Each structure stands twice: as C-alpha cells, then as structure tokens.
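The values are calculated or read from the model by the stated rules, or taken from the named source; none is laboratory data. Everything quoted here is computed from the prediction, not taken from an experiment. Ideal geometry is used to build each Cβ from the backbone, glycine not excepted, and the neighbour counts take in all protein chains shown.
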Amino acid sequence: MPELQSTQPEHEQPHIVELVLQAKKALQQGQELCLHASAVSAASAQTAVDVLALDAQVRWMSEAVLDQLKLAAQVAKSIEQKRSELERQAEEWDHIRNQRTDALDAVLESLGTQSVPPEFHTVSADTSPFGSQNNSDDEQEERRPQDDTTPFGPPQPSTSPRMSPTDTIRNRSPALRRQQRRDQRRADRSKWKTLRDFVNERAIEDLLDTIEKERLELDDTLETTSDYPESLLKTIGAIKEMVPVEVPLPSFSDILSSQETTSIKMAEELESLVHHYHNMSNALHDFEAGEEFHEEDMQGMSQDAGALPVIISELESSMNTIEGFHEKLLTAKTAAQEHLEVHRRTLTDLDELGEIMTDLLEQQQNVEYESIEQLSYLHEHLRPLEELHHKYTSYKYAYSKLILELARRTQYREAAQRIVANMTAQLDAMAEEERLLRADFQAEHGQYIPEDFCLYVENPPNRWTVSTWNDEPLETLPVIENDLIEEAKQRTAGMEAAISTSQSL
C-alpha cells in the first residue's frame, strides 16, 4: 500500500483533520491486512489438516501397493521354482536316458566285435532280397556232415539224399575237399558277419528318434513359460518405480508457531493503529470544541502520523510471511494430491497385473500338467531301452552258450561215430572170418553133399551196416574252431554278473 505522508511544507504543520484522515486510512489498511492474514492463517490450518490426511492416505496406499508388489514377486518366484523343478526333472530324465543309451551302445559295440562263422547263417530263396540262389554241388556237399578222422577209402556211390553214419565214415575224399574250401574261407575272418549284423538297428534308431522327438516337444512346452518370471518381475519393477518417493513434509508445528507469533505481532501493530486513530479522533473533537493546540502538540501528532507508513509496511511484511507459510502448505498439499493420483493409476495397473498373473498362473498350471504327462511318457520310453539292453546282453550271452552247446554236440556226434566205426569194423572182420569158414567148409565137404541139399549153404555171410533211427538224416553241425570255443568260455564266465544286473534293472 502507498505510504502515508504529509503534503504540507516543513514550516507549515498539517491540519488536524488531515491527520485524522491519515490515521483512519492507516487503520483501515491495517484492518484489511490483519483480516486477510487471519483468513490465510485459518486456510493454512485447514490446509495442514488436509495435508496430514492426504499424507496418511498416500502412506497407506504406498504400503498397500508395496505389499501387493511383494505378493506379485512371490508369484513370480513360485512360477520360477515350478519351472526349475520341471527342468530339474527333465535333466534327471536326460541323465537316465544317457545311461541307458550308453549302456545299449556299449552292448552293440561289443556285438560288433564278436564274429559269426559263415556256417551259422544261411540265406534261402524265400528270405533273400536277391531272390533264388542256386547252390553249387560243392556248397550242397559242404552242408553235409563229415568227419576228418574217418580212416576209410573212397566213398560208395549213393543216389539217396540221406547218409548213414557208415556212409559218412567211408566218404572221406569229399570231406577233405569240403574242408579245404572251408579253411580257405576261414582264413579271412574279416569277411565274417558279426552278431551286430543280425540286430535290427533300424528299429532302435526309430525308437531313439521317437524319444528325441518327444523330448523336444517337452522343451517346446517348457519354453512357452520361460519368460514369464522375468516379464512379471519387469512389470513389478516398472510399477514399483511409479510409486511416489516419500517427500519430507514441512514442520507443521514450526509453521503454525511462526504464524501465531506473526499474527500476535500484527495484532499489536493493529492495536497501535487503533490507539493512534482514537487519539486523533479525540484531538479533532477537542479542536472542534474550540481548543487550540500548541506547536509542540502538532509536531507530536505529525511525528505519529509519519510512523504510520512504517507500521503498514511491517503489517504487509508479516502478511507476506503468513502467505509464505500458506504457500508451503499448499505446495505440500499439491504434492500429496499428485501422489494420491499416481497411486490411483498404480491401483489400476495393479488390477491389470492381477489379471495378468491369473492368466500366467493358469498357463503355468497347464504347462505343469502337460510337462508331467510328457515326462511320464518319456519315462515309459526308457523301458524299451532297458529291455533292448537286456535282450542284446542275453543275446550275446546266449550266442556264447550256443558255441559251447554246438561244441558239446560235436563231441557227442564224434563219440557216436567212433562207436559206429568200431562196430562196423568189428562186423566186417566177423563177416570176413565167417566167409573164410564157409569157404573152408565148402571146400572140405561141399563135394559130397548133393546139389539139391541146402542150396543156401553156399550163400556168403551177411554184410552189416549201422544207420540212424528210421533212416533219419545225419545231424549237420558246423565245424567250430578251438579259439572260438575258448573265447566263448571266457565270455560266459564274465557275463553271468552282467546278465543278473541287466535283469535287476
């Protein structure tokens, strides 16, 4: 407000009426300033209450938002733990599969090192992919049984497809020829087939391909939720960054205390203005009543009037101070309202996050069910691998047993043939002795016996042969070399434990 000052020259004192008007105007200005300051003070008090209420709401909502974010973080952690458990089970299955496949590979590699003599396998016209194969006479003879120990000469011609043990013993030359051809083939064992050649590896590859395909399907299933925890945590972090940072509130006690002190000061200054106005009003009444004022009195009143602008300036300064306090409170209120508005938007984001988490949990649950089902199928596929391992381990063991069994049968056949050979030699000797006895009898007495007596007395003795029961074909057995027999003995000795372990698996 403009300062109040006298317009009279220094040598001329202002009129008392003018002084009264100045006092009255100053009082009105002071009252207006005090009334405005009082209103601002009251508004400041209400603003302080509003700020406290808003701050309480902001704090409560901040805690609620942070609590919700903690729950969301726990949901993300739960999803990650479930995924980790499923991945752990998948890795455990991978470990078991590697064990099974390594064991199966080891058995197959072992089968590939075990040679099979050509006599152990034949190709017929029905099963050969090359159609009918005409065997030569030598090859047909090769499949016939022979005995290298036969001590007899050239074989007897025979049109019968069957051979008796005595025929086998006597037919030495064809056996020698067959043995020579067999020895030539055995000389190069690198051309022999192995036990692995009789394994259906295509079926094994198909099984492994099926297992690998389903394993990749499990990876695809797990991959659908691989980014869920990270995505959820990023969303949580973004919402957390939106939570307003706590702003230090002004000291309400200091503001209100300073405001009260300023108000008291303004009241005192207003009271001085009132007192000055009353004095000037009384002086005007006295002047109007005919009282004359001395020069000193007028100078005193003029000096009091000159102090009025200073008082008004102090009142204005005090009012500005109170308004400054009010502005601080309004700033705090605005900040609290902005924080509250941010929280409202955050709550909306939390609602959306809740819907997202519900969808994620449902999808994770579906993935978990599907993964467990796929893992169950994968574990079922491990059983055929175990069965194949046991089958081929038993196959290897049975082949060694087959070698030993054929060797035992060969020993049996050779023993039987020796008995037949001895018996045949004895019968031949007896027949020769009988022939000589009959010849001596005929030479000594035949000339005296009538020709029509006992015509059969001149018959030679019967020659005897020993044959198989009911003329069955002689059993055909392959010739197994001694090193193969010894190898089979060593293999069977070390495979008993492996068979037991495979069966326990």
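Output the residue which, of all residues in segment 477-500 that are touching a helix residue (DSSP H, G or I) at 6+ places or on another chain (Cβ under 9 Å) and modelled with pLDDT under 85, is surrounded by the most Cβ atoms within 10 Å (Cβ to Cβ).
Checking each candidate, the answer is MET495.
Condition check: loosely packed, with under 13 Cβ neighbours inside 10 Å and of a type in the set (Asp, Glu). Does GLU316 satisfy that? Full working, then the answer.
On the way: loosely packed, with under 13 Cβ neighbours inside 10 Å: no; of a type in the set (Asp, Glu): yes.
No: the conditions fail for GLU316.
Quick one: which of THR321, THR348 is without any contact (Cβ under 8 Å) to a residue 60 or more places away in the chain and either more than 30 Å from LEU232 (Cβ to Cβ) or not charged (D, E, K, R) (or both)?
Criteria check complete, one pass: THR348.
Report every pair of residues separated by at least 6 positions or lying on different chains whose Cβ atoms are under 9 Å apart, first residue within segment 447-460 and without any contact (Cβ under 8 Å) to a residue 60 or more places away in the chain and outside any loop (DSSP other than H, G, I, E, B), second polar (S, T, N, Q) and surrounded by 10 or more Cβ atoms within 10 Å (Cβ to Cβ).
VAL457/GLN442; GLU458/GLN442
Given LEU437, LEU388, LEU455, LEU406, which one is over 46 Å from the mean Cα position of the chain (by Cα) and surrounded by 15 or more Cβ atoms within 10 Å (Cβ to Cβ)?
The conditions single out LEU406.
In segment 438-474, which residues are within 23 Å of ALA425 (Cβ to Cβ) and of a type in the set (Val, Ile, Thr)?
THR465, VAL466, THR468
Check whether at least one residue in segment 113-126 is at pLDDT below 90, more than 30 Å from ILE239 (Cβ to Cβ) and of a type in the set (Asp, Glu), and report yes or no.
Within segment 113-126 (the criterion being at pLDDT below 90, more than 30 Å from ILE239 (Cβ to Cβ) and of a type in the set (Asp, Glu)), the answer is yes, since at least one residue qualifies.
Being in contact (Cβ under 8 Å) with a residue 60 or more places away in the chain, in a helix (DSSP H, G or I), touching a Pro at 6+ places or on another chain (Cβ under 8 Å) and not acidic (Asp, Glu) narrows it down to one of LEU382, LEU360, LEU378, LEU406, so name that one.
Result of the check over LEU382, LEU360, LEU378, LEU406: LEU406.
Within segment 452-472, can you find the residues that are of a type in the set (Ser, Thr, Tyr) and within 19 Å of ALA439 (Cβ to Cβ)?
We begin by selecting, within segment 452-472, every residue of a type in the set (Ser, Thr, Tyr); these are 456, 465, 467-468.
Hit for segment 452-472 is TYR456, nothing else.
Does THR424 satisfy the criteria of being assigned to a helix (DSSP H, G or I), within 60 Å of the chain's Cα centre (by Cα) and of a type in the set (Val, Ile, Thr)? Give the steps one after another, and end with the answer.
Working: assigned to a helix (DSSP H, G or I): yes; within 60 Å of the chain's Cα centre (by Cα): no; of a type in the set (Val, Ile, Thr): yes.
It is false that THR424 is assigned to a helix (DSSP H, G or I), within 60 Å of the chain's Cα centre (by Cα) and of a type in the set (Val, Ile, Thr).
Which residue pairs have Cβ atoms closer than 8 Å, lie 6 or more positions apart in sequence or on different chains, and pair a first residue in segment 64-82 that is charged (D, E, K, R) with a second residue that is in a helix (DSSP H, G or I) and surrounded by 13 or more Cβ atoms within 10 Å (Cβ to Cβ)?
Listed pairs, sorted by first residue: LYS77/PRO229; GLU80/PRO229; LYS82/GLN364; LYS82/GLU368.
Tell me whether segment 334-350 contains one or more residues that are of a type in the set (Val, Ile, Thr), closer than 26 Å to LYS70 by Cβ and either in contact with a His (Cβ under 9 Å, 6 or more places away or on another chain) or surrounded by 13 or more Cβ atoms within 10 Å (Cβ to Cβ) (or both).
Looking for residues that are of a type in the set (Val, Ile, Thr), closer than 26 Å to LYS70 by Cβ and either in contact with a His (Cβ under 9 Å, 6 or more places away or on another chain) or surrounded by 13 or more Cβ atoms within 10 Å (Cβ to Cβ) (or both), one finds at least one in segment 334-350, hence yes.
Condition first: crowded, with 19+ Cβ neighbours inside 10 Å and polar (S, T, N, Q). Now tell me which residues in segment 35-67 satisfy that.
SER41, SER44, THR47
Restricting the search to segment 404-459, which residues are touching a Phe, Trp or Tyr at 6+ places or on another chain (Cβ under 9 Å) and either β-branched (Val, Ile, Thr) or more than 30 Å from VAL479 (Cβ to Cβ) (or both)?
THR424, MET430, ALA431, VAL457
Residue by residue through segment 195-242, note down the ones that are within 21 Å of VAL367 (Cβ to Cβ), touching a residue at least 40 places away in the same chain (Cβ under 8 Å) and either basic (Lys, Arg) or not in a helix (DSSP H, G or I) (or both).
Passing the criteria: ARG215, THR224, THR225, SER226.
For segment 385-403: of the residues being touching a residue at least 60 places away in the same chain (Cβ under 8 Å) and of a type in the set (D, E, K, R), which is farthest from ASN98 (Cα to Cα)?
The extreme case among them is LYS401.
Given GLU405, GLU380, which one is out of contact with any strand residue (DSSP E or B) (no Cβ under 6 Å at 6 or more places or on another chain) and either closer than 18 Å to GLU92 by Cα or among the hydroxyl-bearing types (Ser, Thr, Tyr) (or both)?
Working: GLU405 fails: either closer than 18 Å to GLU92 by Cα or among the hydroxyl-bearing types (Ser, Thr, Tyr) (or both).
The match here is GLU380.
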